[in-house]
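Let me begin by presenting the structure, written as structure tokens, before commenting on it.
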Amino acid sequence: MPSSNQRIQIIRRTYYDSVTLMLVAKELLKTEGVSVASLSMGTEANYKIMGSGGFDLGGVDATPNDLIIAVKTDAPEGEREALLEGALEKAKEYLANPPGRKADSGGDYRPKSLDGALSILPDANLALISVAGKYAGDVAMDCIGKGLNVMLYSDNVPVEKEVEIKKAAAEKGLLVMGPDCGTIIVRGVALGMANACPPGPVSIVAAAGTGLQEVHVQLARRGVGVLHGIGTGGRDVRREVGGIMCLQAVNALLADDEVEVLTVLGKPPAPEVEQKILQTVKAGKKPAVLGFIGGEAKGDSDGVFICRELEETAAVAAALAKGEDGARARENLFRDYESLRQRAETIGRRKGFLRGLYSGGTLCYEGQLIARDILGPIRSNTPLEKEMKLEDSLRSEQHSMVDYGEDEFTQGRLHPMIDVSLRAERIYEEAKDPEVGVILFDVVLGYGCNDDPAAGLAEGIRKARSAAGDRIAFVASICGVDTDPQNASEQRRILEELGVHVCESNARAARLAAMILEG
Amino acid sequence: MTSAEDMGPRTFLVKTLPNFRGGENVIVVPEGVQVIYDPALPAGKMNPRWRGLVGEWRDFLADELEDLQEPVIRRTWDELIGRGPGSTPAGDDFLSGLASGMIWQGKAVPFHPVPGQTTWLSEEMLRDTLAGGIWFRAKRLLGALASEDPVAVTGSAGSIADWGHTSGRAWLAGLSEALCGERTG
Amino acid sequence: MSVTKLLKEGPKVVNIGVEQFYADLKTQKAEAVSMDWKPSAAGGDLLARLKKLRKGGN
């Protein structure tokens, strides 16, 4: 009988957070001969994912409370047994000492209940929740019951649950930031995926995670700090939720004497929500910038500026914080953008298509808006218009931009800001397409993100260059600062040594990439 | 026993002894043996802020300790003596935690072990506890629970939770019953 | 604990889930505690069950 090429082990009643499990799976994949590795709780959804990963799950009886470790090998028959056994052992070793626990003062007791946690930190004022979506709503309700504000990093929380949680919180004067909120800043402290920038006079309400990171970074580059950056989750400003938390946050920041300039960010809200936000901000009598990315709203009035891009929003807010003219700052910025044509000339025009590979959803959206104005329609898995949707997110057509942070890529996988390997592979794939002239990508830094994304992408870029030679120009933006754990200058150096043209913002990178292909 | 942290009332000698063959007779003269800690348990009281934390330790009975659940729910403590595998059955660990908590608070211990009901090591442990002597980690935890210091509480609770296969967690569950149980606490 | 208090005092965080976020808060010297969270079906509700069973008379 041939020996099996897979091994599945169930560890009963064991729970680990998803990031830990995926990091361990990633480590296992580094073992030569291990072709697929999966660590997941025995939920129905995970059975499906493992099935599609080629595992034979016959006889597996894990429940959602059990951990399943599954490994598959492509090694020759004689070596399989030992290899699979070794991989399982390795998995258990990693689990005994998970990567994220390093900073934990080893051996300290960690409370299992909210009551336990609150007896350790009785004046806690915020819960950061990143458990699986199907539990996250109930956990959030418990936290609100205890008077805690909530940051809900988890996604896959049903919209009805979101509304229920937010209404309960609003009644108590509490914030619910999320679901699917990756970034917040409170008094300069970064939570989730956020950058290490200094605090300052500007505060932000954002329905867009990487949008908040980009504006935070762009302000820091202009010497202006951010005191609070409150995320709401993208769905908050849609009709179903009605902007409950966006308005709650705007009101709190307007009432806060320490906030000198208010910024509200996101994709354009539902019209009635947009009206409410606009009215509230105008009545607040604070200098304000509304950055509705790609929005139709136009015209600055009553000290309220309306912007369509992220760097623009930051440039205007920075000017207001410095007591300068916001409109002039915007003019200067757009004049600056025109000079990118010269840079494109110097780099050398290319022919063919643009391929954008993004980890940040808002950055991908903004990139499409900008490139469309220069090159025409852009196809995407998250297109500006429905007709431009890519049939297969793994196969680009004509000018394309792919957001790797979408659910289709993150089900059972780490977010692309943590695991850059999928994009590194895709860079090489794109380079093999003779019709491609420019590859554009983002590198997002900060707490919670990959330790060294440039090095992770480097492999793909090197292979791409040797496949395509000089046919393709590589353009990137780095969303980060030197004080980030990854150090933005260091990341930039790695990319530039590989011949990547690095820009100061996503708006510039998208423009430069498009201009290289123009005409 | 691997470190001073693992010291119980009767194990204080172990650290200073050389290795012996099985069956060898040993006479120990305690003079000159370094005293590492005093196992006597002074009376004390839990700072009420830890109630939420200590209360959750009864949940340790949910997983690998579920064999102990029924007697605990019915409070038939004597049924726990000797219950569970190993050299210190988990039931005895639970009772040791329970007794430590009761004695600490100056309350009566609600069970009465009779010789021969459990392993010799467990019997020694229970006898020591009932005589008011407890092991090093436990004493440190009770001291922390009387204080306001979260670092001391999480540090000492962690060192017990990790102790042995299930011993430490069973002990914490027993302590929880003593400090937070509806009738005992 | 209202929003205003959060904004004035700065974050004092109960982390429930991804451990890395707790580590990052500690790096920034923020006050935080990290929970060893499990789905309640995995055993977290024993305390409630105990109370109910005992109240049920024995």
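A short reminder: the numbers here are calculations on the coordinates, not readings from a lab. Values in this document were obtained by computation on a predicted structure and should not be read as measured data. Please note: Cβ atoms are built from the backbone with ideal geometry, for glycine as well, and neighbour counts cover all protein chains shown.
Quick notes on this structure:
- Dipole magnitude (debye, nearest 20) for the range B:38-180, charges at Cβ of Lys, Arg, Asp, Glu: 540 debye
- Remark on C:Lys12: its backbone amide H falls under 5 Å from those of A:Asn125, A:Leu126, a criterion applied only to residues 5 or more positions apart or on other chains, H modelled at 1.01 Å from N.
- Straight Cα distances below 14 angstrom link A:Lys322 to the aspartates and glutamates A:Glu260, with same-chain residues fewer than 8 positions distant left out.
- Global size of the range A:370-519: 14.8, 42 Å for Rg and Dmax (C-alpha atoms, Rg to one decimal, Dmax whole).
- Evaluated at q = 0.18 Å⁻¹: base-10 log I(q)/I(0), Debye formula over Cα of the range A:336-397: -0.74
- Taking 25 °C and 0.890 mPa s as conditions, the range A:278-435 diffuses translationally at an estimated 137 µm²/s according to Stokes-Einstein applied to its Kirkwood radius (Cα pairs).
- A:Val36, A:Val436, A:Val237 arranged by Cβ crowding within 10 Å, fewest neighbours leading: A:Val36, A:Val436, A:Val237
- Helix-only [θ]222 nm of chain A, DSSP H runs n ≥ 4, -39500 (n - 2.57) each, per residue, nearest 500: -12500 deg cm²/dmol
- Sorted ascending by nearby beta carbons within 10 Å, beginning with the fewest, B:His112, A:His501 become B:His112, A:His501.
- The ranking of B:Met102, A:Met41, A:Met151 from fewest to most other beta carbons within 10 Å of each one's beta carbon is A:Met41, B:Met102, A:Met151.
- What the Kirkwood sum gives for the range A:434-477 is a hydrodynamic radius of 11.6 Å, with every pair of different alpha carbons counted.
- Out of every Cα-Cα pair that the range A:191-350 contains, those further apart than 29 angstrom amount to 16 percent.
- In plain terms, the bigger the Kirkwood radius, the slower the diffusion; for the protein assembly as shown, with that radius from Cα pairs, at 37 °C and 0.692 mPa s, Stokes-Einstein puts D at 114 µm²/s.
- Note on chain A: dipole from Cβ charges, positive end direction compared against A:Val202, A:Ala318, A:Phe409; the farthest Cα belongs to A:Ala318.
- Separation in nanometres of the label points that stand 7 Å from Cα toward Cβ, at B:Arg75 and A:Asp56: 5.6 nm
- When the range A:114-180 is reduced to its Cα atoms, the Kirkwood hydrodynamic radius in Å: 11.6 Å
- Cα centroid separation, the range B:131-164 to the range A:460-488: 52 Å.
- Along its three principal directions, the equivalent ellipsoid of the range B:38-180 from the Cα gyration tensor extends over semi-axes of 22, 16, 14 Å, largest first.
- With 27 Å as the limit on Cα-Cα distance, the pairs of A:Lys146/A:Lys276; A:Lys282/C:Lys5; A:Lys30/C:Lys26; A:Lys92/B:Lys139; A:Lys30/A:Lys134; A:Lys134/A:Lys167 that go past it are A:Lys146/A:Lys276; A:Lys30/C:Lys26; A:Lys92/B:Lys139; A:Lys30/A:Lys134.
- Reachable lysines, given that their alpha-carbon falls under 27 Å from the alpha-carbon of A:Lys389 and they are not under 8 places away in the same chain: A:Lys48, A:Lys267, A:Lys351, A:Lys432
- Amide H contacts of A:His501: A:Phe474, A:Val475, A:Ala476, each under 5 Å away and 5 or more positions distant or on a separate chain (H built 1.01 Å from N in the peptide plane; Pro and chain starts excluded).
- Summarising the amide proton neighbourhood of A:Cys479: residues at separation of 5 or more, or on other chains, whose placed amide H is nearer than 5 Å comprise A:Val443, A:Val444, A:Leu445.
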